[in-house]
1. Per 0.36 nm of contour for each residue apart, how much would the distance between PHE92 and ALA19 grow if the chain were fully extended, relative to their Cα-Cα spacing?
2. Given springs between every Cα pair under 10 Å in a Gaussian network model of the chain, which of LEU90, LEU13, LEU23 has the largest fluctuation?
3. In the Gaussian network model of the chain, springs joining C-alpha atoms below 10 Å, which of GLN62, GLN75, GLN83 carries the largest mean-square fluctuation?
4. Any chance you could run the full-extension gain for SER52 through ASN26? It's 0.36 nm times the residue separation minus the Cα-Cα distance, nm to one decimal.
5. Using helices alone, what [θ] at 222 nm do you get for the chain, with -39,500 (n - 2.57) per DSSP H run of 4 or more residues, divided over all residues and rounded to the nearest 500?
6. If I compute Cα extents along the principal axes in Å from the structure I just sent, which labelled value in [x] 56, 33, 24; [y] 79, 55, 27; [z] 60, 29, 25 lines up?
7. Just subtract the alpha-carbon distance of VAL36 and THR66 from 0.36 nm times their residue separation and send over the number in nm, one decimal.
8. Post the alpha-carbon centroid distance, the range 8-67 to the range 85-99, in whole angstrom.
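What follows is calculated from the coordinates using simple rules that are stated; it is not laboratory data. Here the structure is a predicted model, which is why all the values come from computation and not from measurement. Here Cβ is always computed from backbone atoms with ideal geometry, including for glycine, and neighbour counts include all displayed protein chains.
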Amino acid sequence: MKRYLLLAAVVLLAIAVGAYFLLRKNPEATYRTAKVERGVIVASVSATGNLSAVITVQVGTQVSGTIQTPADYSQLGSLLIAQLFLGLALPFAAILFAKVTRFKSA
């Protein structure tokens with residue numbers, strides 16, 4: 001019995017976390033607009049000199065040699081389809097599990 005309660009709690013937690021990320025609303029981007037006006041330039045900036053970097057980063061590789069096995073992305077589509085199927089099937093499996101075991105919530 002404890003095992004069923006633990007499994008149900010884990011499934012409910014997974015569903016709650018998924019629902020939170022799917023249903024939360026992202027804040028709208030705010031824009032401040034103003035009318036374009038013609039006028040007199042009231043300030044200007046001028047400078048002379050050379051530009052130099054604040055931080056200089058050495059770019060190079062840490063690994064040398066030839067690639068023995070090239071990357072194989074041919075199965076990426078099937079992996080994404082499998083992930084989509086699992087993401088859709090697991091909540092339904094949890095509901096089916098609750099109905100089959102006659103799991104009663106408080």
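1. Working it through step by step, the gained length comes to 24.9 nm.
2. Top of the fluctuation ranking is LEU23.
3. Highest fluctuation of the listed residues: GLN62.
4. Details: separation 26, 0.36 × 26 = 9.36 nm, distance 3.96 nm.
Net length gain for the segment: 5.4 nm.
5. -15500 deg cm²/dmol
6. [y]
7. Result for the pair: 5.0 nm of gain on full extension.
8. 37
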